Amino acid sequence: MRKRTLSFWEIWNMSFGFLGIQFGFALQNANTSRIFETLGANVEDIPILWIAAPVTGLVIQPIIGYFSDRTWTRLGRRRPYFLVGAILSSIALFIMPNSPTLWVAAGTLWMMDASINISMEPFRAFVGDNLPDRQRTLGFAMQSFFIGIGAVVGSLLPYMFTNWFGISNTAPEGIIPDSVKWSFYVGGVVFLCAVLWTVIKSKEYSPAELEAYEAEKNKNKPERLDVVDKSKNIRNQMITGSIMLLIGAIFTFLIYEKNLTKELYILFVGLIVAGLLFLVVSRLRQKEVRNGFTIIITDMLNMPATMKQLAWVQFFSWFALFSMWIYTTPAVTGHVFGTNDTTTELYNDAADWVTVMFTVYNGVAAAVAFLLPVLARRTSNKVTHLLALCLGGIGLISIYFLGDKVGLLLAMIGVGVAWASILSIPYAMLSGALPSAKMGYYMGVFNFFIVIPQIVAATILGFLVKELFNGEPIYALMVGGFSMILAGLLTLRVQTNKRINIDEES
């Protein structure tokens, strides 16, 4: 018994919802810093305002993945989450550009990112559920294509409304321009409609069918499993928690004594909380307490080796991306165009050009989405990802040296190639190492290595820009560029298609 091969249009329909998801995500990425600055945020405070997004993903995605693995309704296994997330995201997209104050905008970002995560997380597992191994690379490439298309239009909307339809891109101090408002309204409608298309047009295998497919797949294919000793695993977990708790406590005390930035304080307090969590779970496991909480943490600690190796690749890749999303607008308006006055036409024209830059890199990502699998077949996934990330890193670094609009667009070409690869190649490398019964959960945990670097970026970049970079955010983009190149080099360490056994508790 094998999963049937899906047609091109069936894969198209099951991926179409990502068009709407990325439409909303692109509006968030390209315009949130602009909204924060308009509502009075200082440049050095922007990263901490952004921290809502990664913190939300860190909590929401593994929980949604865990429950979606165990859900079966009339709508299926993953589709209920697509639909609920889309409804909530659309509401948040209508609220965001009407935020009267900075704290309302920050709270709405939290709501919006949580809702987007509810829709987005099960889509990765959806590919693993519905497609046979030989079609998964195509499935992830199709998602990358729709991500690129959705992001192109979503990023370009404010520019289109101003330059094509004559809607103003300026407003009195503290007021969001109409071009941004209408962009978010359109985004809310597109998000909901695109996800509804996937919900209506797609089908899912039942849990029993997936279990039968997994059994058939492994029947004549014995695996080399690394058996995990439970007592040793618990001991290592306690040691890890103790180290995290100790480091967090020491640095929190030092930061408090020296009265350093609140961002670093939050980072190390978070490390203390994580250390305590590890210690509590290890104690519960010693007492043979078996519940959803301990299972979730145990499975996370026993993740496949391929996933652990890809964690570092994802960390430095997404650190670079988050630095770009946070700082491209202030870097371009300040370093390239020479203004930080949000009430001037020059500033708003420059901010509109940032949306064009984001359009270019997302357009490039859509254009090369189906070329990367071809290159991977001729070389390997690792070499393909290395080349793509190096191009992206060079693109970010080059912004420092490019002082005109055309040059800024050229820099985004490399970023677009990297973005297409980040959205597909790591998932193609990972999918063969995941058990189908835990596909949603592990895809959610894999998101840790997307959101943790974003939290780190949000907590340290503001400090670096203020204390080391003399308030010049362009240097944060350069740090991101070097981080992306490092991620590419780390890809060469990844060993694919290996699983490790989950101990008897899970």
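Only the coordinates and a few stated rules stand behind these numbers; no lab work does. Only a predicted model underlies this, so the values are computations on that prediction, with no experimental measurement involved.
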Notebook entry, point to check: Going by the alpha-carbon gyration tensor, a ≥ b ≥ c the square roots of its eigenvalues, is region 323-412 rounded (a/c under 1.5) or, if a/c is not under 1.5, prolate (a/b greater than b/c) versus oblate?
Noted result: prolate
Check: Which of the pairs Lys308/Lys382; Lys3/Lys438; Lys308/Lys466; Lys308/Lys438; Lys203/Lys382 have their Cα atoms more than 22 Å apart in this structure?
Finding: Lys308/Lys466; Lys203/Lys382
Item checked: Length added when fully stretched, Ser168-Leu75, from 0.36 nm per residue minus Cα-Cα -> 29.2 nm
Next item on the list: Decide, for region 375-506, between rounded, prolate and oblate: order the square roots of the alpha carbon gyration tensor eigenvalues as a ≥ b ≥ c, take rounded if a/c falls under 1.5, and otherwise choose prolate if a/b is larger than b/c, else oblate.
Entry: oblate
Margin query: Under the 0.36 nm per residue contour assumption, what length would be gained going from the current alpha-carbon distance of Gln495 and Ile250 to full extension?
Written below: 84.6 nm
